[in-house]
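All remarks here apply to the structure that follows.
The values are calculated or read from the model by the stated rules, or taken from the named source; none is laboratory data. This structure is a prediction, so every number in the text was calculated from the model and none was measured. Don't worry about glycine lacking a Cβ; one is built from the backbone with ideal geometry, like all the others, and counts go over all protein chains shown. Ligands, DNA and RNA are excluded from the accessible area calculation, which covers all protein heavy atoms including side chains. Shrake-Rupley method; radii C 1.70, N 1.55, O 1.52, S 1.80 Å.
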Amino acid sequence: MRLAFFVNDVPTEIDEYTTTRLARAAVQGGHEVWYVGVGDVDAGPGDGELTARARAAEFQEGDTLETFMERIKERDAERIVLDELGALFLRNESIDDLRDRSWASPLGVIFGQLLEARGVTVVNNPSALGRATSKLYLEEFPAKIRPRSLVTRDPEAIERFAAEVGHCVVKPLYGSKGRNVFMIEGQGEANLAQMTEAVLEDGYAIAQEFVEGGEDGDARIFLLEGRLLECDGKPAAFRRVPTGNDPRANISTGGHPVALEIGDTERDIIEAMSEKLVADGMFFVGIDVIGSKVVEINAESPGGLQSIERLYDLDVCPTVIDALERRTKSKP
């Protein structure tokens with residue numbers, strides 16, 4: 001399989017993250033692997049053939065993730081024809097580009113759609129990813145598995161919501177890494193106006209009722225082709241526990257991972273989501289769960305597989321790459 005990982009910018013890739021682990025697994029599986037940044041693509045004249053200044057990924061004996069990634073960054077870029085790829089794995093985060101490189105934010109979806117139309121296997125499905133990137137995507141799933149929520153740019157609507165549901169969380173509709181996530185105790189919250197103002201600086205806000213147990217963190221569960229990602233009988237899932245008094249459990253905000261057992265509640269949630277995820281082409285996603293509710297769907301560059309590797313001494317990345325290869329081969 002000829003595979004490219006589409007990232008924000010190759011020189012800024014972090015070796016410890018999930019994308020590097022997936023690329024390592026692909027190379028070790030005998031696949032031809034390339035890295036392409038958002039700004040590395042050219043659309044040629046005539047039929048509009050897409051090419052890219054890409055960097056090859058090669059894993060050598062004794063490599064660590066750090067040396068593997070360093071070699072990718074140090075290589076001279078080579079021009080490849082993206083139309084000739086077997087698969088393109090979209091691993092860029094459009095939200096990271098939204099503020100400082102607004103021109104770059106939509107291009108993963110756009111280039112992905114162009115290549116998919118030309119027969120390249122693109123994951124996650126770029127046509128659906130435009131919706132799935134937003135936290136509003138969760139509202140398309142059954143009400144029984146998600147908390148009551150409100151999406152708005154009206155501060156008074158958020159105030160009314162807090163008065164009605166009480167304890168709730170307010171965060172940007174497009175956001176990541178725990179930025180501008182606030183806990184509201186309920187009606188009369190002293191700092192509600194300031195919290196709302198900060199969130200609305202990023203566009204629309206989403207207010208969600210607080211789910212009991214949220215103070216103890218959330219569970220990150222990885223799904224592959226609509227099913228629980230498992231390897232050697234172990235699930236790709238862990239609980240993220242917040243640090244100190246910070247209610248955010250994101251690893252990037254200081255939360256730490258602990259092992260998680262998948263029970264009937266989690267399996268019921270996955271069952272309720274599976275059919276739609278498959279229909280939408282959501283090949284690889286991470287869902288964040290508190291109790292019996294999904295609080296977020298991470299469809300764009302879901303991360304955290306490093307925690308799985310450390311907690312269980314388990315590398316699930318080959319399972320993901322094998323599934324992608326099967327998908328690529330099954331295309332007419």
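Net length available on complete extension from Asp47 to Ala272 is 76.7 nm, with 0.36 nm assigned per residue and the Cα-Cα distance removed. Entry note: the range 262-332 has Rg to Rh equal to 0.99, where both radii use alpha-carbon atoms and Rh is the Kirkwood radius. Lys276 sits with roughly 50 Å² accessible to a 1.4 Å probe, with DNA, RNA and ligands left out of the calculation.
Determine the sum of side-chain charges near Leu277: Lys and Arg each +1, Asp and Glu each -1, restricted to other residues whose C-beta is under 12 angstrom from that of Leu277. Counting the neighbours of Leu277, the net charge comes to -3.
Across the protein chains, with a 1.4 Å probe defining accessible surface, the residues His256, His31, His167 rank His256, His167, His31 from largest area downward.
With every protein chain in place and a 1.4 angstrom probe, the accessible-area ranking of Ile262, Ile321, largest first, reads Ile262, Ile321. Please tell me the relative contact order of the chain in percent, rounded to the nearest whole number, where contacts are Cα pairs under 8 Å and at least six residues apart. So the answer I get is 18 percent.
Note on Asp268: accessible area is roughly 110 Å² with a 1.4 Å probe, heavy atoms of protein only. Ignoring lysines fewer than eight residues from Lys293 along the same chain, the ones with Cα atoms less than 23 angstrom from its Cα are Lys135, Lys144, Lys171, Lys177, Lys234, Lys276.
The residues of the chain expose, per residue, 45 Å² of accessible area to a 1.4 Å probe. Accessible-area rank, largest first, for Ser127, Ser105: Ser127, Ser105, with all protein chains present and a 1.4 angstrom probe. Can you give the FRET efficiency to the nearest 0.05 for Arg131 and Glu215, using r as the Cβ-Cβ distance and R₀ = 51 Å? Efficiency, from the Cβ-Cβ distance: 0.95. Surface composition of the chain: carbon and sulfur atoms hold 46% of the protein heavy-atom accessible area at a 1.4 Å probe.
Computed over the range 123-213, the Cα gyration tensor eigenvalues convert (square root of 5λ each) into semi-axes of 23, 15, 11 Å, ordered from largest to smallest.
Dividing the summed helix terms, -39500 (n - 2.57) for each DSSP H run of n ≥ 4, by the number of residues in the chain produces a 222 nm estimate of -9500 deg cm²/dmol to the nearest 500.
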